[in-house]
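Following: one structure in structure tokens, then a few remarks.
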Amino acid sequence: MSKMLEEIRQQPEALSKTLQQEWKGIEKLKKQFEAYPPRLIVLAARGTSDNAAQFGRYLLELLTGIPVSLAAPSIYTLYDRKMNLEDTLVVAISQSGESTDTNLVLERAKENGAFTLGITNEANSTLAKLGHASILVRAGKEKSVAATKTYTGQLMAMYLLAYALGAKLERKQLETLPGLAEKALKLEPQVAEIAGRYRFMNHAVVVGRGLNYANAFEFALKMMETCYVIAERFSSADLLHGPIAMVDPHFPAFVFAPSGVTWDSISQLLTRIDSTTHESLIITDKSNKAAFESKRRAFRIQASIPELFSPIPYIIPGQLFAGYLATEKGLNPDQPRSLTKVTQTL
């Protein structure tokens with residue numbers, strides 16, 4: 001059994017530890033932001049962590065009303081520009097805490113007047129010590145090159161950050177997330193069985209919108225790095241603007257379909273796909289009755305999940321699928337070619 005699959009199964013415990021062990025520090029951070037509220041938030045990350053940042057952008061703007069920007073590290077590392085970051089919160093996100101460019105963004109931001117925060121899985125890393133504060137992902141050592149438990153841990157850290165910034169979130173709401181992850185893990189036998197259907201898949205498209213837009217990027221990334229599948233990722237709105245023309249029976253669509261305000265757009269896309277011979281597979285839950293009870297091929301989580309809390313449980317079937325598909329293709333998901341666990345770029 002691959003380390004990737006083992007670490008996917010560890011996510012409920014990792015999420016619970018992150019919430020429990022970081023809560024005291026989050027309450028302290030909340031007091032800091034009450035006294036000095038930021039006018040802008042900038043998130044800096046690469047790879048899987050950048051997908052977590054994409055989620056953070058949606059979550060933080062939705063729940064706090066503070067504008068959020070994704071940093072372009074090259075502005076600092078290659079062009080050596082200074083930014084006016086007074087009254088700005090700059091957050092660097094890195095699994096290892098040793099990503100050279102994101103750490104440099106945080107260092108420069110601190111010099112330019114920002115309040116700085118690091119989110120990492122490594123307590124002794126450079127990033128954990130670099131900022132004014134940190135949020136630690138308590139996932140334990142991640143041995144597989146493909147990040148799984150650290151990704152969902154970073155999503156949990158974003159919920160904690162939102163709470164610290166004044167979002168109307170309650171601890172008891174966040175305490176439901178490990179249990180929802182457990183529910184998602186119960187799909188593993190089904191995921192393992194259906195992965196064989198896609199053994200010869202070389203291209204795919206992954207679709208999400210709103211809070212699950214980041215999951216479209218992350219699911220696609222997992223298929224690219226562990227299965228060598230060329231996976232495009234889109235919002236449902238962008239896909240309908242033209243790229244849907246490339247989807248055919250040999251180019252299946254994987255679609256995140258929660259309940260909530262994004263469902264109308266997702267439903268329109270699925271209807272469009274159904275009207276052709278295109279292949280699709282959806283990830284949904286009991287709260288979206290229309291999707292849950294449809295005859296479409298689906299990973300159906302046996303729980304009612306509000307859209308706000310769907311991203312963590314929804315990515316888990318995608319992670320499992322990538323892990324099992326790699327095995328079906330005769331690949332080792334723990335050691336993708338040309339990749340290492342820590343990537344340092346400038």
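Could you list, in sequence order, the residues of region 303-313 that are in a loop (DSSP other than H, G, I, E, B), touching a residue at least 24 places away in the same chain (Cβ under 8 Å), touching a strand residue (DSSP E or B) at 6+ places or on another chain (Cβ under 8 Å) and not aliphatic (A, V, I, L, M)?
Ser310
Do we find a residue being surrounded by fewer than 21 Cβ atoms within 10 Å (Cβ to Cβ), polar (S, T, N, Q) and assigned to a helix (DSSP H, G or I) anywhere in region 2-13?
Scanning region 2-13 turns up no residue that is surrounded by fewer than 21 Cβ atoms within 10 Å (Cβ to Cβ), polar (S, T, N, Q) and assigned to a helix (DSSP H, G or I).
When you scan region 135-159, how many residues do you find that are in contact (Cβ under 8 Å) with a residue 24 or more places away in the chain and either of a type in the set (Phe, Trp, Tyr) or surrounded by fewer than 24 Cβ atoms within 10 Å (Cβ to Cβ) (or both)?
8
Check every one of the strands (runs of 3 or more DSSP E) wholly within region 114-217 and list those with 2 or more residues that are modelled with pLDDT under 95 and either of a type in the set (Ser, Thr, Tyr) or in contact with a helix residue (DSSP H, G or I) (Cβ under 8 Å, 6 or more places away or on another chain) (or both). Spell out how you get there, then give the answer.
Working: elements: 115-120, 133-136, 203-207.
Qualifying strands (runs of 3 or more DSSP E): 203-207.
If Arg46 meets every condition in (1) farther than 16 Å from Met158 by Cβ; (2) modelled with pLDDT of 95 or more apart from one, which number is that one?
(2)
Which one is nearest to Leu136 (Cα to Cα) among residues in region 84-99 that are more than 20 Å from the chain's Cα centre (by Cα) and buried (at least 17 other Cβ atoms within 10 Å of the Cβ)? Before the answer, list the steps.
At the first step, the residues of region 84-99 found to be more than 20 Å from the chain's Cα centre (by Cα) are 84-89.
Then drop every residue that is not buried (at least 17 other Cβ atoms within 10 Å of the Cβ), which leaves 85, 88-89.
Values: Leu85: 24, Thr88: 21, Leu89: 17 Å.
Among them, the one singled out is Leu89.
Of the numbered conditions (1) assigned to a strand (DSSP E or B); (2) among the small types (Gly, Ala, Ser); (3) more than 21 Å from Tyr151 (Cα to Cα), Ala109 fails exactly one; give the number of that condition.
Every condition holds for Ala109 apart from (1).
When the residues of region 230-256 are narrowed to those that are part of a loop (DSSP other than H, G, I, E, B) and either out of contact with any His (no Cβ under 9 Å at 6 or more places or on another chain) or among the hydrophobic types (A, V, I, L, M, F, W, C) (or both), which ends up modelled with the lowest pLDDT?
Applying the first criterion (part of a loop (DSSP other than H, G, I, E, B)) to region 230-256 yields 235, 241-242, 247-252.
After this cut, where a residue has to be either out of contact with any His (no Cβ under 9 Å at 6 or more places or on another chain) or among the hydrophobic types (A, V, I, L, M, F, W, C) (or both) as well, the list is 235, 241-242, 247, 251.
Numbers: Ser235: 85, His241: 56, Gly242: 61, Val247: 66, Phe251: 81.
Going through the qualifying residues, I end up with His241.
The values are calculated or read from the model by the stated rules, or taken from the named source; none is laboratory data. Keep in mind it's a predicted model, so treat the numbers as computed, not measured. All Cβ positions, even for glycine, are placed from backbone atoms using ideal geometry, and neighbour counts span all protein chains on display.
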